[in-house]
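The values are calculated or read from the model by the stated rules, or taken from the named source; none is laboratory data. On a predicted model such as this, the values are computed, not experimentally measured, just so you know. Using ideal geometry, Cβ is built from the backbone for each residue, glycine included, and neighbour counts are taken over all protein chains shown.
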Amino acid sequence: MTLDFDEGDDLRDLRAAVADLASRYGHSWYLEQSRTGGTTRALWDEAGKAGFLGVNLPEEHGGGGGGMVELSIVLEELGAAGCPLLMMVVSPAICGTIIARYGTPEQRDRWLPGIADGSLTMAFAITEPDAGSNSHEITTVARRDGDEWVLSGQKVWISGVDVADAVLVVAKLADSAKGTLRPALFVVPVDAPGLSRTPIPMELVSPEHQFQLFLDDVRLPADAIVGSPEAGIAQLFAGLNPERVMGAAYSLGTARLALAKAAAYARDRRVWGTPIGAHQGVSHPLAAAQVEVELARLMTLKAAWLIDTGADAASAANSAKYAAAEAVVHAVDAAVQTHGGSGLSQETGIGALITSSRFSRIAPVSREMVLNFIAQHDLQLPRSY
Ligand SMILES: Cc1cc2nc3c(=O)[nH]c(=O)nc-3n(C[C@H](O)[C@H](O)[C@H](O)COP(=O)(O)OP(=O)(O)OC[C@H]3O[C@@H](n4cnc5c(N)ncnc54)[C@H](O)[C@@H]3O)c2cc1C
């Protein structure tokens, strides 16, 4: 018998240690940073020093030697305590995974120890204004000029470029011999000449910001390309399943926060002599969301475990991301309703969760693109596009 749903002492201790650290900061602190132009740097640094940010990265490069199970647990617990660190989705999960698996020894030495302890942050840029969800149609091109690469193009919605040291940019290699384009990954320092950025005003109450990036003949050394130019697609996909799992973990943390706040309020608040939580109109939406959260957690851990065992995790990672996004949207909606007018006051911080939960349905991959994937791969249904 091998099936075992007990997380075990090590993972329980990890959850407890992260929750303990995050509770010293908390949701009020996170909201204050978000609303006053502050940052989560202090928490990021502490989490890095404690080994939480690099828990998935190889020990020989300063990581914890664990995998996506551990990293997703870290993000879930930070979110449940009210201070999710969005850059964990990109820096250790996508960029760290890709560089650890496909980077040259020099690239691993250069980037991984810093990504692991949080002293270096790497953003990730695939989305483009015209291509949108259709990342096959990206038009950022890398061409070779002597010993250098030259990148030109645009990216949009790129998170955290202002706090990053470099951006892992997905471009297409111009293969002049064959006249074809194929994806490749480049590490672009944020201060590279020719790279500029414009912040995008967002409705999110979050300390991380999104940017449009302009790559105007950005010249990079030959070793800026990660891994093999021949295997760009495989390398890219190695980062996208971890991204989906971390998207799910982000949603789960927020959903737990919303439900904890709502349940506490519903146990306490009385308007007809009994706590409002005694009314099934209040308790059932919260209970239904609790069920959804538990189901999404199971699928998130399964997807993370599949990634860590080297198995095909695509359906599980997409399913986890879908389930967690639906769970957080329903949990936050029920939490707002439970709080009545207080649900939209800044004091409770519940209203701030509306846009952050809603964004879970859109990024890093939209609900519809997840359903397209499941329809095609799990149900063998034809593509409509
Ligand atoms: C807060 C935030 C942070 C982000 N951070 C990053 C980042 O750090 N790096 C990065 O590269 N990107 C980032 N993104 C981009 C994100 O991954 C994209 O927004 C997302 O993939 C959707 O792409 P789009 O916005 O272009 O929507 P579109 O592709 O224009 O889609 C619009 C709508 O049409 C639907 N649709 C499109 N095609 C189909 C189809 N074939 N079938 C059915 N429905 C379809 C979509 O599901 C969606 O509902 C971020 C986005 C947000 C909102």
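Based on what the data block shows, is Val169 at pLDDT 95 or above, over 30 Å from Glu32 (Cβ atoms) and either assigned to a strand (DSSP E or B) or in the same structural domain as Ala363 (by TED's automatic domain parsing) (or both)? Yes: the conditions hold for Val169. Scanning the range 290-317 for residues that are in contact (Cβ under 8 Å) with a residue 40 or more places away in the chain, part of a helix (DSSP H, G or I), among the small types (Gly, Ala, Ser) and more than 28 Å from Ala262 (Cα to Cα) yields a total of 5.
Considering only residues in the range 141-177 that are among the acidic types (Asp, Glu) and under 21 Å from Cys95 (Cα atoms), the one that is nearest to the ligand (Cβ to nearest atom) turns out to be Asp162. Can you confirm whether Gly26 is of a type outside the set (A, V, I, L, M), crowded, with 18+ Cβ neighbours inside 10 Å and modelled with pLDDT of 95 or more? Taking the combined requirement at face value, the residue does not satisfy it. The test for being part of a helix (DSSP H, G or I) and of a type in the set (Phe, Trp, Tyr) does not hold for Trp272. The set of residues in the range 278-289 that are in a helix (DSSP H, G or I) and free of Cβ contacts under 8 Å to residues at least 24 places away in the same chain comprises Ala278, Gln280, Gly281, Ser283, His284, Ala287.
Counting just the residues of the range 112-157 that are assigned to a helix (DSSP H, G or I) and out of contact with any strand residue (DSSP E or B) (no Cβ under 7 Å at 6 or more places or on another chain), which one comes out surrounded by the most Cβ atoms within 10 Å (Cβ to Cβ)? The qualifying residue surrounded by the most Cβ atoms within 10 Å (Cβ to Cβ) is Ala116.
Take the residues in the range 330-355 that are within 18 Å of the chain's Cα centre (by Cα) and either buried (at least 23 other Cβ atoms within 10 Å of the Cβ) or in contact (Cβ under 8 Å) with a residue 60 or more places away in the chain (or both); name whichever of them is nearest to the ligand (Cβ to nearest atom). Result: Thr355. The residue that is modelled with the lowest pLDDT, among those in the range 199-233 that are of a type outside the set (A, V, I, L, M) and part of a loop (DSSP other than H, G, I, E, B), is Ser228. One residue alone among Arg358, Arg383 is part of a helix (DSSP H, G or I), within 16 Å of the ligand (Cβ to nearest atom) and not assigned by TED's automatic domain parsing to the domain that holds Val69, and that residue is Arg358. For the range 368-380, the set of residues classified as within 8 Å of the ligand (Cβ to nearest atom) and among the polar types (S, T, N, Q) consists of Asn372 only.
Under the condition of being part of a helix (DSSP H, G or I) and aromatic (Phe, Trp, Tyr), which residue from the range 1-47 is farthest from the chain's Cα centre (by Cα)?
Trp29
Among residues of the range 101-129 that are within 16 Å of the ligand (Cβ to nearest atom), those with a Cβ under 9 angstrom from a residue that is of a type in the set (Lys, Arg), sequence gap 6+ or separate chain, pair up as Ala125/Lys155; Ile126/Lys155; Thr127/Lys155; Glu128/Lys155; Pro129/Lys155.
Considered as a group, the residues in the range 198-218 that are farther than 21 Å from Arg41 by Cα and either surrounded by 15 or more Cβ atoms within 10 Å (Cβ to Cβ) or acidic (Asp, Glu) (or both) include one that is farthest from the ligand (Cβ to nearest atom), and that residue is Asp217.
Of the residues making up the range 13-48, those that are among the small types (Gly, Ala, Ser) and closer than 20 Å to Leu71 by Cα are Ala16, Ala17, Ala19, Ala22, Ser23, Gly26, Ala42, Ala47, Gly48.
As a summary of the residue check, Met88 satisfies the conditions (1) among the aliphatic types (A, V, I, L, M); (2) away from the ligand (no atom under 14 Å from the Cβ); (3) assigned to a helix (DSSP H, G or I) except for the one numbered (2).
Take the conditions at pLDDT 95 or above and either in a loop (DSSP other than H, G, I, E, B) or within 16 Å of the ligand (Cβ to nearest atom) (or both) and apply them to Ile94. Does it pass? Considered against the rule, which asks whether it is at pLDDT 95 or above and either in a loop (DSSP other than H, G, I, E, B) or within 16 Å of the ligand (Cβ to nearest atom) (or both), Ile94 comes out as yes.
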